[in-house]
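A.B. asks: Sharing a structure here in structure tokens format.
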């Protein structure tokens, strides 16, 4: 299998830049639906509290994420972004961010696993060879990449093990390339990361597992169990998304139906 060549100087890699206008229109509409982010921009935008900070995001590249990216950019951050799921990217959202230059974005809907890990590595590396100060993670994939890379540099024999998971095999194939050209890359990058925020149960479990073994290389913030996540996002966001997802998947009306909730 021929692996994609890494190019940290690449400004973006997306599906179609021509759909950027649609993405920008949806972002403008979203300003009325995301008053929290807009308030942060108004209050802290002029102060640029994140100036000089390099932030890497591994989060669904949707319109809502685009609004987060724009906010972080307005606060002064230097951003690089990839999606945390091969199917979740809204291509018009990625195009809008690429067009505006708010972040170096590497995401498109329908990535292969090899492309997914390439995008993640692209987002983790700045053109000067350095890594991020902060990671915004969803599912723990960016954190896994850094930790796995550092682990390989500590014990290169792991590269020769057989991996049954295609996902892990693709990850190891990419790390093998970087290990051959820069055998201390991920150890050095990990040492300069100030912290990672993780918003999913899966990612948080990974972090606790690493911490329990004393293998967590930098501080981690458990967003998943925070009050704002459990009392706002889970209650209002996930509840509405669940109903909307069922309607879209089944193409039926909810009215007149009897529902059974398990769990």
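Here is a yes/no grid of residues against (1) farther than 24 Å from residue 112 by Cα; (2) at pLDDT 95 or above:
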| residue | (1), (2) |
| --- | --- |
| 141 | no, yes |
| 160 | no, no |
| 163 | no, no |
| 167 | no, yes |
| 175 | no, yes |
| 189 | yes, yes |
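A.B. asks: Only residues that are more than 14 Å from residue 62 (Cβ to Cβ) and loosely packed, with under 12 Cβ neighbours inside 10 Å: list them for the range 22-35, please.
C.D. replies: 28, 32, 35
A.B. asks: (1) modelled with pLDDT under 95; (2) surrounded by 12 or more Cβ atoms within 10 Å (Cβ to Cβ); (3) closer than 22 Å to residue 56 by Cα: which one isn't true of residue 247, the others all being true?
C.D. replies: Only one criterion is unmet by residue 247, namely (3).
A.B. asks: Just to confirm my filter: which helices (runs of 4 or more DSSP H) fall fully inside the range 1-92 and include at least 1 residues that are touching a strand residue (DSSP E or B) at 6+ places or on another chain (Cβ under 9 Å)? Don't jump to the end; show me each part of the working.
C.D. replies: On the way: elements: 20-30, 35-44, 63-74.
In the range 1-92, 63-74 are the helices (runs of 4 or more DSSP H) which contain 1 or more residues that are touching a strand residue (DSSP E or B) at 6+ places or on another chain (Cβ under 9 Å).
A.B. asks: Let me confirm something: among 247, 257, which residue is more than 23 Å from residue 120 (Cβ to Cβ) and part of a loop (DSSP other than H, G, I, E, B)?
C.D. replies: Details: 247 fails: part of a loop (DSSP other than H, G, I, E, B).
The conditions single out 257.
A.B. asks: With the checklist (1) at pLDDT 95 or above; (2) over 26 Å from residue 128 (Cβ atoms) in hand, flag the one item residue 217 doesn't pass.
C.D. replies: With respect to (1) at pLDDT 95 or above; (2) over 26 Å from residue 128 (Cβ atoms), residue 217 is out only on (2).
A.B. asks: Among residues belonging to the range 139-157 that are in contact with a helix residue (DSSP H, G or I) (Cβ under 9 Å, 6 or more places away or on another chain) and exposed (fewer than 15 other Cβ atoms within 10 Å of the Cβ), point out the one that is farthest from residue 56 (Cα to Cα). Break it down stepwise before answering.
C.D. replies: Going residue by residue through the range 139-157, those that are in contact with a helix residue (DSSP H, G or I) (Cβ under 9 Å, 6 or more places away or on another chain) are 139-154, 156.
Adding the requirement that they be exposed (fewer than 15 other Cβ atoms within 10 Å of the Cβ) leaves 154, 156.
On the way: 154: 24, 156: 26 Å.
Filtering the range 139-157 for residues that are in contact with a helix residue (DSSP H, G or I) (Cβ under 9 Å, 6 or more places away or on another chain) and exposed (fewer than 15 other Cβ atoms within 10 Å of the Cβ), the one farthest from residue 56 (Cα to Cα) comes out as 156.
A.B. asks: Criterion first (surrounded by fewer than 22 Cβ atoms within 10 Å (Cβ to Cβ), within 15 Å of the chain's Cα centre (by Cα) and closer than 16 Å to residue 193 by Cα) does residue 133 satisfy it? Quick ask: steps written out before the conclusion?
C.D. replies: Values: surrounded by fewer than 22 Cβ atoms within 10 Å (Cβ to Cβ): yes; within 15 Å of the chain's Cα centre (by Cα): yes; closer than 16 Å to residue 193 by Cα: yes.
Yes, satisfied.
A.B. asks: Right, something else. Please specify each residue of the range 41-58 satisfying the condition of being without any contact (Cβ under 8 Å) to a residue 60 or more places away in the chain and out of contact with any helix residue (DSSP H, G or I) (no Cβ under 6 Å at 6 or more places or on another chain). Full working, then the answer.
C.D. replies: Residues of the range 41-58 that are without any contact (Cβ under 8 Å) to a residue 60 or more places away in the chain, as a first pass: 41-52.
Matches in the range 41-58: 42, 43, 44, 46, 47, 48, 49, 50, 51, 52.
A.B. asks: Run down 71, 89 and say which single residue is over 22 Å from residue 141 (Cβ atoms) and modelled with pLDDT of 95 or more.
C.D. replies: Details: 89 fails: over 22 Å from residue 141 (Cβ atoms).
Of 71, 89, the one residue that is over 22 Å from residue 141 (Cβ atoms) and modelled with pLDDT of 95 or more is 71.
A.B. asks: Residue check: is residue 240 loosely packed, with under 14 Cβ neighbours inside 10 Å and in contact with a helix residue (DSSP H, G or I) (Cβ under 8 Å, 6 or more places away or on another chain)?
C.D. replies: So residue 240 does not fit the description; no.
A.B. asks: In the list 203, 195, which residue meets the criterion of being in contact with a strand residue (DSSP E or B) (Cβ under 8 Å, 6 or more places away or on another chain), surrounded by 11 or more Cβ atoms within 10 Å (Cβ to Cβ) and under 20 Å from residue 88 (Cα atoms)? Reasoning before the result, please.
C.D. replies: Values: 195 fails: under 20 Å from residue 88 (Cα atoms).
So the residue among 203, 195 that is in contact with a strand residue (DSSP E or B) (Cβ under 8 Å, 6 or more places away or on another chain), surrounded by 11 or more Cβ atoms within 10 Å (Cβ to Cβ) and under 20 Å from residue 88 (Cα atoms) is 203.
A.B. asks: Now for a different question. Taking interchain pairs and intrachain pairs at least six residues apart, which have beta carbon atoms under 6 angstrom, with the first residue in the range 61-85 and at positive phi and the second buried (at least 20 other Cβ atoms within 10 Å of the Cβ) and not in a helix (DSSP H, G or I)?
C.D. replies: Going by the 6 Å Cβ cut-off, the qualifying pairs are 76/50.
A.B. asks: Any chance the range 223-231 includes a residue that's surrounded by 12 or more Cβ atoms within 10 Å (Cβ to Cβ), more than 23 Å from residue 58 (Cα to Cα) and at pLDDT 90 or above?
C.D. replies: So far as the range 223-231 goes, no, none of its residues is surrounded by 12 or more Cβ atoms within 10 Å (Cβ to Cβ), more than 23 Å from residue 58 (Cα to Cα) and at pLDDT 90 or above.
A.B. asks: When the range 98-130 is examined, which residues are found to be over 13 Å from the mean Cα position of the chain (by Cα) and part of a loop (DSSP other than H, G, I, E, B)?
C.D. replies: Within the range 98-130, 101, 102, 109, 110, 111, 112, 125, 126, 127, 128, 129, 130 qualify.
A.B. asks: Checking residue 148 against (1) under 20 Å from the mean Cα position of the chain (by Cα); (2) part of a helix (DSSP H, G or I); (3) over 23 Å from residue 122 (Cα atoms), which single condition isn't satisfied?
C.D. replies: (3) is the only condition that residue 148 fails.
The values are calculated or read from the model by the stated rules, or taken from the named source; none is laboratory data. Everything numeric in this text was worked out from a predicted model, so none of it was measured. Using ideal geometry, Cβ is built from the backbone for each residue, glycine included, and neighbour counts are taken over all protein chains shown.
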